Structures are given as structure tokens and as C-alpha cells.
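See below for the structure under consideration.
Rule-based calculations on the coordinates, nothing more; no lab input. None of these values were measured; they are calculated from a predicted model. Glycine also receives a Cβ, built like all others from the backbone with ideal geometry; neighbour counts cover every protein chain displayed.
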Amino acid sequence: MKHAFLLSAIAATALPLASPAQDSPGNLNDGSARFPDAEIRADWSSKPPEVLWRKDIGKGCTSFAIAGDHVLVGGNDGEHDTFWCLDPASGAEKWKYRYKEKLQPKLYAGGPNATPTIDGDRAYILSKTGLLHCVELATGQMIWKTHFKDDLGGTAPDWGYSAAPLVDGDQLLVLPCSKKGSLFALDKKTGKVLWHSTNRNRPGYAQPKIIDYNGTRAGIVFHGRNLVIYDLEKEPGKVLAEHLWRTSYDVNASPPQYRDGLVFIASGYGMGYAVLDVSGDSSKVLHQDRDIRMIFQNSILLDGDILGVFGDKNIDAELIRMDFRSGKIHWREKMPGTRGSSLLVGDHLVALCETGDLIVGKPGKTGWTELGRTKVLDKLCWAPLAYANGRLFARNNDGAAVCLDVSP
């Protein structure tokens, strides 16, 4: 499966998955946000994308999970979370799932952080206080639920749970970060605990990913104060590698990238980025730069390079392409605002800036060629951009959602 991405309130939670049909079920594995076999129309200067529909979905930072003719996205009205199932072409409501949950604004609008995860005929919905629901995709009827704090002993991060559940075969990987252990595997059909790690970590905000680590299927997790690689195969939950990475307020939110024993991580609050070598008995930093930051944006791994919209609260956004192994900057291009998400459709990159500006272009090895831009939303846009079947889906923190036609 190819993957799009989802991002949470202060976390790039990673992001929606893409099947060959370019669906985005929100079950992020690698954070690549790439649709290599798809095409979009990019002549926006002469013909901007057509708005198919707009909808008020409530405050929050969940992105869109898309499978077939189902689009899932969540928001909060002040006292309740509502997760909507919408028709992708018209925005018409198919069903909604509602439960009591306070808005809890904290230096942002508040509302749910984690994008839903779709797996077959089921969807997994996580609230910021740790209430995890499994519902039928067709009807929205609840199948089971569990609570990270009450049932698993978890401790929520300061801005609430943001790391979306990750499906791994018959199990669901979640991050309650309890005294029992940081990483839990649940039976995805029943919610029963199958196993958990025994280590204790401060909770972070990024979704776990599955990688091949020295020939072993493993999970990589960006916790609040460190990066940890867990065995998922031989001794599930065993720590295989770790690296200390402590930021102010324990905000590690951007999903890491992994390739051939190297890991790219990035944060805000003056930490910047680093590429780590975790192939041996201990981790080591290959290169880093404290002024090149990602507080919760996603990155894309493209042909041996890292590509993404870098920036931080007081640092202007830049679209940067750098060599993964050496850190050489191929080019950097100023973007509106200080943060933004991005995805690749074929050989076109589309960036949603926090200002609501949507920009399309080609990110070549030697430079960036902008092909068009359009203003699609007002106010802050922190949730990741999503794509499926010729349509782009975007939202702002206040709950305005829009779907755009970019089919060739």
C-alpha cells in the first residue's frame, strides 16, 4: 500500500494511507504522503481547482481518512466530539459518531487531534483524552471501546493524545504510555490487550511506524523525550534501539523517516533536525541543524532526499530538499506562514500552508518550480492535507473543511 498522511494538533501524526485506488484510510505507516501512480491537474494559474463542497466539521486538527466512498474527519462543538462520515464527491453526511468530550483549547482552538484509521470494514477513532472507539465503517455503529487512562493506565501528553492507532496484521498498535509500558498491541477485532512493552516513556504526538530493522519487523516511535525502536516479531515490545531527544514541553510530533539504519527526526523549540545512525549497538548523530525545524509537519523521503515544509513558531516556513545521508541542502524556497503540510501526487508536490494557501509545483533535484497557488481557507490550517482519487481535502483548526477537484 502507498501512503498519504495525517497530522495532529501539535503533532504530525502521521497521516492517511493510500491503496492503489488512491484511498487515504489514515493508517499511516511511513509518513511518505506519496501517490506515485496518480496524476493531478496543476495549471492552477489559468484555472484554479474547483471547490466541490465545503462543510463545518467542528474545531480540531484531525485530517481526513478516505476509503472508497467514505471520508472520515472529526471536530468538537465545545462539549462533544463528532466524527463525520461524508460522501467524497458531495460532502453529504452518511453518518456521524458523537460522544462527550470537552474542547480543551490550549494555545490552539482545541478539539480532537488524531486522524481516524480505516481498516477494511472498520474504523478506529481516538479522542484527545484517550477514549478509543472501533466502529463499523458502513454505519458508524460502535463495535468496542477502551480507554487509555482508565483501562490501560495511560498518561496523556499535555495537548492530548494525537498518535493515531496503527494496524499491524490482526493487531492495533497504540501509545497510551502507561506505567505498565509505552507501546501496547490490542486485538483489532475486540480491543483486548495482546502484549505491551515494559519500558516507561513520556508520551509524544507522532504515530508509530513499521520498519524493517536489521531484518526484523519493528516499530519506530517518537516518544516525548526519545526515539525508540521496538521488536514486533521475535520478542514483541523489546527495545532494540533508542536515542535521547528532549524538547521543551516534550513535544516530539513530526513522524520520523527510516532508511537502511538511518533515521531522520525533527522538532521545534530550538532542537531542529538530526539524522541518526541506529544500525549498531548505540545510536550516533550523523548530521543536524538546530535552525532547520519541524514542530509538527510531515516530511517526505524522495530518491534519497528529505523533502518538506520546515519552520517553527518564530521561523518562516521553507520548502527544503536535502540529502538524507549527508545533510547537503539542494535548495530551499520560502513559503507563506511558519508551518505547512505537503504531499506528492505523481511528480507534483502540493503544500498546504498554515495560512490556507495551497501551492502546487515540481520539486526537482536542483530546484523548485511553482505552477500555481490558491487561497482555499482562512485562519490557521495545521491538519495535514489529504488526497484521494483526484480530490484534495483540507481543513482549518476552527472547523472549516473544503474538497477540491484536481483530477487531470
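Backbone amide hydrogens, once placed in the peptide plane, bring V406 within less than 5 Å of R391, L392, excluding anything fewer than 5 places away on its chain.
When the inverse distances between all different Cα atoms of segment 72-185 are averaged and flipped, the Kirkwood radius reads 14.5 angstrom. Extension gain for the segment D303 to K179, taken as residue separation times 0.36 nm less the Cα-Cα distance, is 40.6 nm to one decimal.
Where the centroid of each part is defined by its Cα atoms, how far is segment 121-162 from segment 345-373 in Å? A separation of 34 Å, based on Cα centres.
Per-peptide packing, taken as the mean over residues of other Cβ atoms within 10 Å, places 62-71, 286-295, 337-346 in the sequence 62-71, 337-346, 286-295 from highest down. Label sites at S407 and D212, each approximated as a point 7 angstrom past Cα along Cα to Cβ, lie 3.6 nm apart.
Dipole of segment 2-405 (Lys/Arg Cβ +1, Asp/Glu Cβ -1, origin at the Cα centre): which of L404, L186, H243 lies farthest to the positive side? Towards the positive end, the residue furthest out is H243. Amide hydrogen proximity for V345: with H placed 1.01 Å from N in the peptide plane, the residues at 5 or more positions away or on another chain lying under 5 Å are F35, V350. Sites listed here are trypsin sites (Lys or Arg not before Pro) in segment 64-147 whose DSSP assignment is loop and whose Cβ has at most 13 other Cβ atoms within 10 Å: K106.
Amide H to amide H, with H built 1.01 Å from N, I143 comes under 5 Å of C134, V135, E136, counting only residues 5 or more places away or on other chains.
For segment 316-338, the residues whose amide N sits under 17 Å from a probe point set 7 Å from the Cα of D291 along the beta carbon direction are 316-322, 327-335.
To the nearest 20 debye, what is the magnitude of the charge dipole of the chain about its Cα centre, counting +1 on the Cβ of each Lys and Arg and -1 on the Cβ of each Asp and Glu?
Numbers: 48 positive and 48 negative charges, 163 e Å.
The calculated dipole for the chain is roughly 780 debye.
How much FRET efficiency would the formula 1/(1 + (r/R0)^6) give for K328 and D56, where r is the Cβ-Cβ distance and R0 is 56 Å, rounded to 0.05?
0.80
Mind giving me the FRET efficiency for L262 and D87? R0 is 35 Å, r the Cβ-Cβ distance, nearest 0.05 is fine. According to the calculation, E is roughly 0.25.
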